[in-house]
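The values are calculated or read from the model by the stated rules, or taken from the named source; none is laboratory data. Computed from a predicted model, the values in this text were never measured in an experiment. Don't worry about glycine lacking a Cβ; one is built from the backbone with ideal geometry, like all the others, and counts go over all protein chains shown.
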Amino acid sequence: MAGQGRDENIDGAEPRSVILNLFAVLVVVLMVAITAQVICSFLDFNPLMVFDSSWPILGGAVTLNSLLDFQWHLLAVIALLPAGIVWRMDRHVRVDFLYARQSGRRKALVDLTGHLLFTAPFLFLCLPAAWSFVVSAYTSGQGSRNDGLNDLFLIKSALPAGLGLLALVLVVDVVQKIREVRKP
């Protein structure tokens with residue numbers, strides 16, 4: 001029956017769409033954080049909240065620098081984590097005006113060539129570096145300067161998580177494109 005694919009839940013919304021909508025909500029959260037930071041900076045209101053004990057990521061207070069750090073890190077999470085889903089849904093950017101004119105087999109060959117020549121080497125180089133980036137932040141207890149966010153390894157883990165998801169999607173896509181190219 002139409003509309004009841006295996007990727008859809010009972011309500012008819014695809015889980016991938018639900019996840020992407022959650023990231024869209026995070027864009028709104030990012031805008032609220034930017035607005036709050038600008039208003040508090042204008043009013044010279046700092047710190048925004050002070051805690052009796054240190055909290056994970058936030059430390060002992062929420063400051064203007066915390067909000068600024070939060071904005072940058074949230075932007076990174078919004079950009080990195082949904083990349084694999086966007087790729088799998090075939091919503092990523094490419095030169096479609098050339099690609100659209102090709103046959104299905106030729107499109108698969110173009111995709112496969114791009115995956116193997118560009119994406120796979122990129123991920124092969126970036127994934128180990130991203131992992132060591134997180135490990136270094138964890139082992140050094142890295143936190144932001146000037147009363148920003150603490151426990152940055154938690155936020156930095158979005159990099160290998162997003163790239164890892166993208167690598168998994170790439171493997172699935174490469175297998176699918178090989179099958180399409182081999183079809184008579």
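Things worth noting here:
- Against the list (1) loosely packed, with under 12 Cβ neighbours inside 10 Å; (2) touching a residue at least 40 places away in the same chain (Cβ under 8 Å), the condition LEU127 fails is (1).
- Among the residues making up the stretch 53-82, those that are within 21 Å of the chain's Cα centre (by Cα) and not aliphatic (A, V, I, L, M) are SER66, ASP69, PHE70, GLN71, TRP72, HIS73, PRO82.
- For the stretch 97-113, the set of residues classified as among the small types (Gly, Ala, Ser) and at pLDDT 90 or above consists of ALA108 only.
- Failed item in (1) farther than 30 Å from LEU64 by Cα; (2) over 15 Å from the mean Cα position of the chain (by Cα), with LEU166 passing the rest: (2)
- Against the criterion of being assigned to a helix (DSSP H, G or I), of a type outside the set (Ser, Thr, Tyr), in contact with a Ser or Thr (Cβ under 9 Å, 6 or more places away or on another chain) and surrounded by 14 or more Cβ atoms within 10 Å (Cβ to Cβ), LEU166 qualifies.
- Residues satisfying the stated conditions in the stretch 85-110, i.e. in contact with a Lys or Arg (Cβ under 7 Å, 6 or more places away or on another chain) and either surrounded by fewer than 11 Cβ atoms within 10 Å (Cβ to Cβ) or in a loop (DSSP other than H, G, I, E, B) (or both): MET89
- Contact map, the stretch 89-101: residues that are more than 18 Å from LEU165 (Cα to Cα) paired with residues that are among the basic types (Lys, Arg), Cβ distance under 7 Å, separation 6+ or inter-chain. Pairs shown: TYR99/LYS107.
- Within the stretch 46-84, the residues that satisfy the criterion of being at negative phi and part of a loop (DSSP other than H, G, I, E, B) are ASN46, PRO47, LEU48, PRO56, LEU58, THR63, LEU81, PRO82.
- Residues that are under 26 Å from the mean Cα position of the chain (by Cα) and of a type in the set (D, E, K, R), drawn from the stretch 85-104: ARG88, ASP90, ARG91, ARG94, ASP96
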